[in-house]
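Notes to accompany the following structure.
The values are calculated or read from the model by the stated rules, or taken from the named source; none is laboratory data. All of these numbers come straight from a predicted model, not from anything done at the bench. Every residue, glycine as well, gets a Cβ built from its backbone with ideal geometry; the counts of neighbours run over all protein chains shown. Just the protein is used for accessible areas: all its heavy atoms, side chains included, with ligands, DNA and RNA removed. Shrake-Rupley method; radii C 1.70, N 1.55, O 1.52, S 1.80 Å.
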Amino acid sequence: MSATRPLHLAAEIGGPPRYDARSHIALARLAEGGALDFVTLNDSFARPGPDALAVLAHVAPATTRIGLVPTVTTTHTEPFHVSSAVATLDWVSKGRAGWQADVSTTEAEARLFGRRPAAPASTLWQEAGEAADAGARLWDSWEDGAEIRDVATGRFIDRDKLHYVDFEGSTFSVRGPAIVPRPPQGRPVTVIDATSGPAREAAARHADVAYVRATSPEQAAALRDELRRSAAAHGRDPDSLRVLAALTVDLGDAETTPEPGLGSGPQLAGRGTYFRGGPVDLAEVITQWHRGGAVDGFHLTPITPERDLERIVNGTVALLQHRSLFRTFHPGGTLREHLGLGRPANRYTLTSTSGATS
Amino acid sequence: MKQMHLAAHFPGVNSTTVWADPRSRSQIDFTSFEHLARTAERGKFDFFFLAEGLRLREHNGRIHDLDVVGRPESLTVLNALAAVTERLGLAATVNATFNEPYELARRLATLDHLSEGRAAWNVVTSSDAFTGENFRRGGYLDRADRYTRAAEFVSTARELWDSWTPDGTSRPFAHSGQHFEISGEFTVPRSPQGHPVVIQAGDSDEGREFAASTADVIFTRHGTLEAGRTFYADVKARLKKYGRQPGDLKIMPGVTVVLGGTDEEAQQNAAGIRRQQVSPQNAILALEQVWGRDLSSYDPDGPLPSVDPDPGSSLVQGRVRVADPLAVAARWRELSEAKGLSIRQTVIESTARQSFIGAPETVAAELEKFVAEDAADGFILVPHLTPGGLDDFVDRVVPLLQERGSFRSEYTGSTLRSHLGLTEPVWKG
Ligand SMILES: Cc1cc2nc3c(=O)[nH]c(=O)nc-3n(C[C@H](O)[C@H](O)[C@H](O)COP(=O)(O)O)c2cc1C
């Protein structure tokens, strides 16, 4: 059963800081040519580099199919602004936006804002979950078709299709509705790295895509099962969550890299996330894990994007395509379509059609 | 001849946009933004301008539904537009009350890098507590505090932009003031313009002082020759005490232009646009905004109400309140009685913003006159239509201005600062 599950692939395109977007555009196009689901661009307020969401907004008109997922932090930002910016990324990319929600735990980051001291990860992930929840409500706060342009009554919108979200979190509240109409995907894709304990809970509750880190398919399968059980316990359909194994990859310069003790196979090491080998070896790992049903796919972080992404696409991905394990083109237009995730029903539309008061 | 500057506003959330016109397309699809920006660039405009509103307006306790509403977030749209334009300046309106300097300085510096020196920030504050309900900060600040925060915000952003030396070395920053106490390292090197261009829009004494001390461009609503000259003289005179020259601050009123084959035809087109803007429902709405009362039972084709406005009303939320409703109502009554006008006709006559209406030659000459007589350094055009509202102006008026030598035929530089004739800020290490 699991062998027929479609394989999902994503790649990080951030390397050393770059302030023009030429290399980001080139890398995103490369990934798009390989029919990858999405590219990511990591970010934090304390690391050198430009604003990731801005860079991927700039990449959007230069690409047509690839999903665009910047890291957006939730600790020192305004949830209302974050939801507007991510919705706008979805508008400018015509339905290809996601965001990787993250937190800022350090004192150094707190000092950049001077609003509050650093806090433990568990507190911040609780807040990040609330920011994701508030964001999803804001994206729903305009029903589809709220813009009516009714010349007879002079109304541009049907205000009965706009909703106050009245979100009360532990550190913020948002009245709503959004200022941005509901984005093309309904809700842009929410990604959470579920490696750390505090993040795992937020991922199970709010993520469409979760990353796990494992050194064996058995370990990955166990993490995936745990996330799915936890999602179900929160009332979600576990099949609405894609679990990707996160791997940092160093493809060296050979097709395969013989390693003592591992025969000619690839080497998985480090903190359970580091892959070293050739493009063919990587295809082997992906094939084995996917065949065994351990994960829904992989998020690959090339240590040298310019070199390794080319090898991933023209080596690993080409081989997977040859084996019919991975698609050769994007059959749909939106990131949700690439991921096989439906366009979410609007919670407010549901409420009003079921007769409850809104 | 004195050169003028030209910019274009995306027809966003307002009652100026004639969305019922069959030529009107999406207000939110990227294709609409792309069309307008490319048209502005084809016309060699200085910059393309996006407004902002952080909460949907309300009328009589409910979301306002007659105007165009719903817009994407400015900086994200402009970063995307930077990929499909080459020279056009890209100006984002971003509120200084509901943002933090580190984050916004970083986003603005990013836009300046991605656009290779074309970024501008229109610094607005906020006029009410209503908007605050969407933010951690909540509430709002008094006008005086809003402007001290805005001023400290801009100077803090400039400290961050200056924390990298021009040759690319990062140095730690530390700012300690009334509103912000922050320190660390800024993650974006000095951007192509040194500092993104700063625009100010706001008309109070505090607003003008803030612009004189800090801004590179001022976006104003003073669009008649007389009001423009008074405003121009007032604002330029304020520069000296900050050690600035008159050329350091460009004054650009937001204006509308209606063209026709002849002046008469243009007047007819303008009247048609006014009727579309002031629908019967919009006429009652405009009246309620002055009166601060529910007047939905009144006939838009009938006479003005005899009751007086309620000056303490909170009927209108999210837009700037009519300053002196009793005086405005008295003026409207006088006009209506003198000319025998209905409610709708009165609103049409009294809310008309200054527009340049006429054949292309007439409009070109009028624009030049405003610049020659020190009523403006240039104009921010506010089209009525999305996305085609700029096509006629660029095709029919810009070539005339170019022939007459009052507007550039080619971009001479690549940054917005160079289009505006502004020098790069001196690095203050
Ligand atoms: C021409 C003009 C355009 C403005 N555009 C915006 C805008 O897009 N968003 C916004 O929040 N405020 C906008 N404002 C409001 C001002 O920034 C300011 O908050 C308001 O005018 C009150 O300040 P004041 O008392 O100094 O006039 C605009 C004001 C003017 C005069």
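Miscellaneous remarks
- Subset of B:K2/B:K44; B:K44/B:K250; B:K2/B:K250; B:K2/B:K236; B:K339/B:K369 violating a 20 Å alpha-carbon distance limit: B:K339/B:K369
- Exposure here means at most 13 other Cβ atoms within 10 Å; with trypsin sites (Lys or Arg not before Pro) in a DSSP loop as sites, the longest stretch of chain A lacking them is A:1-270.
- Placed amide H near B:N122: partners under 5 Å, 5+ positions off or other chain: B:A92, B:T93, B:V94, B:I199
- GNM flexibility winner over chain A from A:E201, A:E78, A:E127 (Cα, springs under 10 Å): A:E78
- Karplus (6.51, -1.76, 1.60) ³J(HN,Hα), θ = phi - 60°, over segment B:404-419, in Hz, Gly and Pro reported as x: 7, x, 9, 8, 4, 9, 9, 5, 9, x, 10, 9, 4, 4, 5, 4
- List of segment A:11-32 residues, accessible area with partners at least 40 Å² below that of the chain alone (1.4 Å probe): A:Y19
- Proximal charge balance of A:R343 [Cβ under 11 Å; K/R count +1, D/E count -1]: +1
- Hz values of 3J(HN,Hα) by residue in segment A:333-339 - Karplus curve (6.51, -1.76, 1.60), Gly and Pro given as x: x, 9, 4, 4, 5, 4, 7
- Taking every DSSP beta bridge that has both ends in the protein assembly as shown, the antiparallel portion is near 20%.
- Taking a Cβ cut-off of under 15 Å around A:A221, the surrounding Lys, Arg, Asp and Glu residues balance to a net charge of +3, with basic ones at +1 and acidic ones at -1.
- The spacing between segment A:146-180 and segment B:195-258, judged by their C-alpha centroids, is 35 Å.
- Of B:H222, B:H195, B:H175, the residue with the greatest mean-square motion in the GNM of chain B, using alpha carbon springs below 10 Å, is B:H175.
- Radius 15 Å from Cβ of A:F45, net charge of other residues (Lys, Arg +1; Asp, Glu -1): -3
- Residues whose amide H lies under 5 Å from that of A:H8, counting only those 5 or more places away or on a different chain, are A:G297, A:F298; hydrogens are built 1.01 Å from N in the peptide plane.
- For the chain pair A and B, buried accessible area totals roughly 5300 Å², probe 1.4 Å, rounded to the nearest 100.
- Ligands, DNA and RNA left out, the accessible area of chain B computed with a 1.4 Å probe is 48% carbon and sulfur.
- Probe 1.4 Å, protein heavy atoms only - accessible area per residue of chain B in square angstrom: 38 Å²
- GNM top mover of B:T169, B:T16, B:T220 - chain B, alpha-carbon springs below 10 Å: B:T169
- Look at the Cα gyration tensor of the protein assembly as shown: its axes a ≥ b ≥ c give a/c of at least 1.5 with a/b over b/c, and that counts as prolate.
- In sequence order, calculated HN-Hα J values of segment A:30-42 (Karplus, 6.51, -1.76, 1.60; Hz; x Gly/Pro): 4, 5, 5, x, x, 6, 4, 5, 7, 10, 10, 9, 6
- Surface accessible to a 1.4 Å probe, per residue, for the residues of chain A, Å²: 37 Å²
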